[in-house]
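See structure below.
The values are calculated or read from the model by the stated rules, or taken from the named source; none is laboratory data. What you are looking at is a predicted structure, and each value in this text was computed from that prediction instead of being measured. As a convention, Cβ positions derive from the backbone with ideal geometry for all residues, glycine included, and neighbour counts pool all protein chains shown. These accessible areas exclude ligands, DNA and RNA; they are computed on the full protein's heavy atoms, side chains included. Shrake-Rupley method; radii C 1.70, N 1.55, O 1.52, S 1.80 Å.
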Amino acid sequence: MKISTKKYLSIGIASSLSFVLGAFITKSTNNVPITAGMVQEAEKIIGLNFTAAQADSMLNNLNQYNNSYTALQKLNMPNSVVPALNFNPVPVGFAYPDTKSGFKLSRAEKLKLPANRNELAYYTITQLAELIRTKQISSVELTKFFIARLKQYQPKLLNVITITEAHALQKAGEADADIKAGRYKGVLHGIPFGAKDLLAQKEYNTTFGAVPYKNQKLDVDATVITKLENAGAILIAKTTLGELAQGDVWFGGKTKNPWDITRGSSGSSAGSASAVSAGCVPFAIGSETLGSIVSPSTECGDTGLRPSFGRVSKYCAMALSWSMDKLGPITRSVEDDAIVFNAIQGTDPQDLSTIAAPFNYDGTIKSLKGYKIGYLATDFKQKSDTHTSDSLTLVKLRALGAELVPIEYPKFPIGALRIILNAEAGAAFQELLLDHREDQMVLQNKSAWPNTFRSAQFIPAAEYIQANRARTMLIQQWYEKLKGLDLYITPTWTSNLVLTNLTGNPCVVLPNGFNAKGNPISITFMGQLFGEGKLLQAAKVYQDATDFHKKHPALNF
């Protein structure tokens, strides 16, 4: 399947909001008329110079814009209103890595219910599914088991906002009835899970982890939750997130890392990663805009998948950045990631940013022979705490049959494109600024969202658009560099994280060792755009040849 070379790239935010961002710099909070003196002061912020006559000539337009901003603000648009234009990450000349769809799991192992039920806490989805399928344990029993663990460890880990117990037990009972009647839906049927509390579920509050939304109840279910429940999975918890998807601090405290509770879990998918790591849920849904699946999965020793932009519907998920937000699973294994991804991926008429693309996964592959895997040579040469483990990962990939090809970053001011995220976030939560509810948020330092949202009001619309034009160039350049590769690999904490959240490429982050303190570290497998099939296959082959993912925190607290 080939994409036409005629490319149409939307810039990812409605023009009305762009004007709010672009000209807010001259807006008087007292609604007094804008003067030439104000314009000349504003020039210092936007980095342009105009003559006094030119500044004076702008005044009619600027005052009219000011009236437009006031009219738009009176619409009281909630976070759920999306821009009229959609970001499309597809480069010119793009061909989908998978030409057809298919899904084949590795062979299920024969299992017996363990004598010590606590061992179930770290069973994978496929292992739990086999116990349910063979009727050795019921979904109700499994659901009660994981709810009990949530209640046991939540006081120390602070990783759950809401336990959806009544809903979960009802759904688990329905699952058991279906299975008894011979209506088994597949490996997710009867399996409990958690969802980051930026995903709406109509029976419970959706708090975004932030005081201004603490009592928010949305009368709708997020598409991701609906798809998982249609596959038979059981929602048992809404997990914590750093407030408005930043970090691991929320209105109830700081979510902890089960490996070391003196450390935070990182974020912003804080509770999802912490709960999976502590054996409180078999899997959870997280989100990423700029590291929010990768970072907590690394910190907590989980296996996380950040899908390609447009693969998974964001309908009824909190918007932070319409052109960068992505939803994905945090699990115990690569194959578990593949299972959950297979259930949640696909287009959604309620989310026009979703993109149809084949997904072809074969979990029976045992070798990387024939795989051409790139590696970011400069990053692997950098001395760091993970250097030895990262280097050994390359050795293991060669031993598994992969051909390794050195690659380098494009020469591009990648960091300058951060204003895309800030501008969109500033628009998404401008409603907080209008009545100063951002003051209610826990964190108020210079790097916290309240300050970012305020600063974003001064990003000119023209510069936001210029950044997106530069993003088009970056997407094309990165696509050209990756041609001929099946995937590539990189140390987790590099410029690649910013680069690929902008280009929309998918990644799997998984444990590849432990640091001197005994805490997990990770490596990142990166895919071609919409190349989740080969990405997951290769990551699984590597993971199956190691045992880092089978080690778990002692929970001695």
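Among the residues of the stretch 223-282, write down those that are of a type in the set (Gly, Ala, Ser), within 24 Å of Pro212 (Cα to Cα) and in a loop (DSSP other than H, G, I, E, B).
Gly242, Ala245, Gly247, Gly252, Ser265, Ser266, Gly267, Ser268, Ser269
Please state which one of Phe525, Phe530 is outside any helix (DSSP H, G or I), under 16 Å from Val294 (Cβ atoms) and among the aromatic types (Phe, Trp, Tyr).
Result: Phe525 is the single residue among Phe525, Phe530 that is outside any helix (DSSP H, G or I), under 16 Å from Val294 (Cβ atoms) and among the aromatic types (Phe, Trp, Tyr).
Test Thr226 against the stated conditions and say whether it is open to solvent by 30 Å² or more (accessible area, probe 1.4 Å) and of a type in the set (Ser, Thr, Tyr).
yes
Please enumerate the residues belonging to the stretch 364-398 that are without any contact (Cβ under 8 Å) to a residue 24 or more places away in the chain, open to solvent by 60 Å² or more (accessible area, probe 1.4 Å) and not β-branched (Val, Ile, Thr).
Lys381, Lys383, Arg398, listed by residue number.
What's the number of the condition Thr124 fails, among (1) open to solvent by 90 Å² or more (accessible area, probe 1.4 Å); (2) closer than 25 Å to Gly194 by Cα?
(1)
Among the residues of the stretch 172-188, what is the count of those that are part of a helix (DSSP H, G or I) and either open to solvent by 60 Å² or more (accessible area, probe 1.4 Å) or in contact with a Ser or Thr (Cβ under 6 Å, 6 or more places away or on another chain) (or both)?
So the count comes out to 5.
Counting just the residues of the stretch 500-557 that are basic (Lys, Arg) and within 27 Å of Tyr479 (Cα to Cα), which one comes out least open to solvent (accessible area, probe 1.4 Å)?
For the stretch 500-557, the residue satisfying everything is Lys540.
Report whether or not Lys314 is basic (Lys, Arg), within 28 Å of Ser353 (Cα to Cα) and not in a loop (DSSP other than H, G, I, E, B).
no
Kindly check whether there is at least one residue in the stretch 305-314 that is on the phi > 0 side of the Ramachandran plot and either buried (at least 24 other Cβ atoms within 10 Å of the Cβ) or of a type in the set (Phe, Trp, Tyr) (or both).
yes
So, Leu432, is that one touching a strand residue (DSSP E or B) at 6+ places or on another chain (Cβ under 7 Å) and more than 21 Å from Leu535 (Cβ to Cβ) or not?
No.
Within the bounds of the stretch 152-163, is there any residue that is among the β-branched types (Val, Ile, Thr), within 22 Å of Asp348 (Cβ to Cβ) and outside any loop (DSSP other than H, G, I, E, B)?
no
Among the residues of the stretch 328-363, how many are over 15 Å from Gly533 (Cα atoms), crowded, with 23+ Cβ neighbours inside 10 Å and among the β-branched types (Val, Ile, Thr)?
Of the residues in that region, 2 qualify.
If you check Ser353 against the conditions, is it free of Cβ contacts under 8 Å to residues at least 12 places away in the same chain and polar (S, T, N, Q)?
For Ser353, the condition - free of Cβ contacts under 8 Å to residues at least 12 places away in the same chain and polar (S, T, N, Q) - is not met.
Do you know which of the residues in the stretch 484-496 that are surrounded by fewer than 22 Cβ atoms within 10 Å (Cβ to Cβ) and under 18 Å from the mean Cα position of the chain (by Cα) is farthest from Lys383 (Cα to Cα)?
Filtering the stretch 484-496 for residues that are surrounded by fewer than 22 Cβ atoms within 10 Å (Cβ to Cβ) and under 18 Å from the mean Cα position of the chain (by Cα), the one farthest from Lys383 (Cα to Cα) comes out as Ser495.
Within the stretch 469-482, can one find any residue that is outside any helix (DSSP H, G or I) and either at pLDDT below 95 or open to solvent by 10 Å² or more (accessible area, probe 1.4 Å) (or both)?
Checked against the condition, which is being outside any helix (DSSP H, G or I) and either at pLDDT below 95 or open to solvent by 10 Å² or more (accessible area, probe 1.4 Å) (or both), the stretch 469-482 yields no hits at all.
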